[in-house]
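As structure tokens, the structure follows; a few thoughts come after it.
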Amino acid sequence: MEIFFIQALQLILCFMLLVVLHEGGHFLFAKIFKVRVEKFCLFFDPWFTLFKFKPKKSDTTYALGWLPLGGYVKISGMIDESMDTEQMKQPVKPWEFRAKPAWQRLFIMIGGVLVNFLTALAIYAMVLFTWGDTYVPLRNMTDGLKYNEMAQSVGFRDGDIPLRTDAVELERMDGDMFRAISEAHSVTVLRDGKEVTFSLPGDLSLLEMLKDQPRFAAVLMPSRIDSVTAGGVADKAGIRAGDELIGYNGQAFSTWNEYAVVRGSIADVLAQGNAADSLKMRQAALVVRRAETGMTDTLNVMLGKDYKLGIVWNIPTATRYESVTRTYGFFESFPAGAVHGWKVLTGYVDDLKYVFTTEGAKSVGSFVAIGHMFPAVWDWQRFWELTAFISLMLAFLNILPIPALDGGHVFFLLVEVIMRRKPSDKFMERAQTVGMTLLLLLMAFALFNDFRNFLF
């Protein structure tokens with residue numbers, strides 16, 4: 001429950017910040033071009049508003065809605081989420097949106113997207129300035145990577161260290177590495193101290209690479225025991241730090257990656273709730289290679305009700321291998337943040353093609369999915385990195401030419417500029433209705449996926 005509240009608080013804080021900034025972008029350009037803003041609302045407020053106030057000598061009412069699905073600014077003389085068709089029947093007034101030239105209306109409509117985009121770049125710059133960029137170079141991962149069946153079928157072998165593809169150098173193990181491999185026609189790896197190059201299909205599914213369990217590639221962790229919990233099952237059985245666990249109930253392995261798969265199969269059995277199977281799972285035959293002698297022992301142990309051995313092995317990569325940190329001065333951080341932000345955005349846009357696949361459609365989520373992206377403990381660096389990413393995501397999605405989104409309004413404005421004829425108010429009302437219906441259906445689908453993927 002504590003994890004839920006920590007993730008929910010981060011999501012709410014992120015969402016509030018980005019909504020205010022997005023709507024503030026529309027508000028700013030509206031004020032620049034002397035267009036009246038009747039309402040500035042954080043969250044939606046159908047039927048009632050939680051809180052509102054209107055400063056003296058101001059045309060704008062500031063409000064807090066109760067439905068946290070976004071926010072809006074009510075701009076005079078514009079068909080928007082409010083669907084205020086009565087206002088559109090009145091004579092045009094000089095302070096209204098519809099009274100302004102197309103280029104001014106265009107700036108007002110892209111204001112939110114522009115602010116979200118610039119906010120993301122600024123956040124990335126400040127993250128680099130504050131924390132720098134720390135990572136473990138692939139070359140420093142001396143044990144190499146562990147590959148699943150899909151990776152081995154195209155030529156990878158356990159222990160390989162990816163160095164480069166036919167297009168780019170591979171510097172670190174992150175999403176960019178997987179994306180580069182998915183698009184590569186060849187890759188060079190360090191295998192047993194020698195560089196080996198082999199061909200790749202050039203069209204591997206990035207979605208499958210990241211969603212498969214086990215994943216396409218993971219940090220290879222030799223099954224050497226780092227420490228033993230005092231009084232635990234392993235301690236009582238005589239297992240010591242430095243020993244290697246190389247077998248479990250007849251299944252041989254040499255890495256903790258494989259052991260994790262074995263433990264995962266145990267969890268699947270326990271999930272069935274069968275008492276006899278649960279008791280059987282507590283009986284474990286372990287094969288251990290001793291650090292001092294190199295000899296192997298077979299130990300029969302009875303696990304406790306938590307089914308744990310009492311061994312520690314998952315030491316973070318950053319402490320197992322030597323990491324590097326690049327620091328940035330204040331002014332240096334801005335171009336670096338812009339380059340990084342643009343790289344994140346282009347990668348996100350490229351990955352959207354998977355949305356139109358069966359598995360990709362199942363991955364579409366809403367607030368629950370986004371909330372699970374945040375860490376279970378409060379980490380300001382990770383919070384700001386995710387906030388920047390979500391800001392870029394909102395900027396791109398909002399500029400899509402879909403009625404009811406900013407991009408829909410921009411599209412019709414561009415049509416007006418080209419055709420030199422403004423679409424009728426009736427047409428805009430219908431387009432707004434269609435767009436809002438599509439968005440509500442998409443939201444319903446995303447919520448359904450959230451319930452299926454995270455709550456059941």
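One residue stands out in the stretch 159-172 among those that are among the charged types (D, E, K, R) and surrounded by fewer than 19 Cβ atoms within 10 Å (Cβ to Cβ): the one that is nearest to Gly193 (Cα to Cα), namely Arg164. Scanning the stretch 189-200 for residues that are in contact (Cβ under 8 Å) with a residue 12 or more places away in the chain and open to solvent by 70 Å² or more (accessible area, probe 1.4 Å) yields Asp192, Glu195, Ser199.
When His185 is tested against (1) closer than 21 Å to Val261 by Cα; (2) at pLDDT 95 or above; (3) open to solvent by 10 Å² or more (accessible area, probe 1.4 Å), just one condition goes unmet, and that condition is (1). Determine whether the stretch 49-64 contains at least one residue that is crowded, with 19+ Cβ neighbours inside 10 Å and either at pLDDT 90 or above or under 26 Å from Leu441 (Cβ atoms) (or both). Yes - at least one qualifying residue is present in the stretch 49-64. Does Thr119 count as open to solvent by 20 Å² or more (accessible area, probe 1.4 Å) and modelled with pLDDT of 95 or more? Yes.
Tallying residues that are out of contact with any helix residue (DSSP H, G or I) (no Cβ under 6 Å at 6 or more places or on another chain) and touching a residue at least 40 places away in the same chain (Cβ under 8 Å) within the stretch 14-27 yields 7.
The number of residues in the stretch 409-430 that are under 31 Å from the mean Cα position of the chain (by Cα) and either without any contact (Cβ under 8 Å) to a residue 60 or more places away in the chain or farther than 21 Å from Phe107 by Cβ (or both) comes to 1. When you look at Leu439, is it touching a residue at least 24 places away in the same chain (Cβ under 8 Å), open to solvent by less than 30 Å² (accessible area, probe 1.4 Å) and of a type outside the set (Ser, Thr, Tyr), yes or no? No: the conditions fail for Leu439. Tell me, please, whether a residue that is within 30 Å of Thr142 (Cα to Cα), modelled with pLDDT of 80 or more and exposed (fewer than 13 other Cβ atoms within 10 Å of the Cβ) can be found in the stretch 303-324. Yes. Looking across the stretch 367-409, not a single residue is crowded, with 21+ Cβ neighbours inside 10 Å, farther than 21 Å from Ala338 by Cβ and β-branched (Val, Ile, Thr).
Residue-level check: of (1) within 37 Å of the chain's Cα centre (by Cα); (2) at pLDDT 85 or above; (3) more than 26 Å from Trp380 (Cβ to Cβ); (4) open to solvent by less than 20 Å² (accessible area, probe 1.4 Å), Tyr124 misses just (3).
Every condition in (1) open to solvent by 40 Å² or more (accessible area, probe 1.4 Å); (2) at pLDDT 85 or above; (3) within 30 Å of Asn140 (Cβ to Cβ) holds for Asp351 except the one numbered (2). Looking at the structure I just gave you, is Ser223 open to solvent by less than 20 Å² (accessible area, probe 1.4 Å) and either of a type in the set (D, E, K, R) or modelled with pLDDT under 90 (or both)? Considered against the rule, which asks whether it is open to solvent by less than 20 Å² (accessible area, probe 1.4 Å) and either of a type in the set (D, E, K, R) or modelled with pLDDT under 90 (or both), Ser223 comes out as yes. Annotation: Gly144 fulfils all but one of (1) under 25 Å from the mean Cα position of the chain (by Cα); (2) closer than 15 Å to Val219 by Cβ; (3) open to solvent by less than 20 Å² (accessible area, probe 1.4 Å); the unmet one is (1).
The values are calculated or read from the model by the stated rules, or taken from the named source; none is laboratory data. Please read these numbers as outputs of a predicted model, since none were measured by experiment. Every residue, glycine among them, receives a Cβ derived from its backbone with ideal geometry; neighbour counts consider all protein chains shown. These area figures cover heavy atoms from the full protein model, side chains too; ligands, DNA and RNA do not enter into them. Shrake-Rupley method; radii C 1.70, N 1.55, O 1.52, S 1.80 Å.
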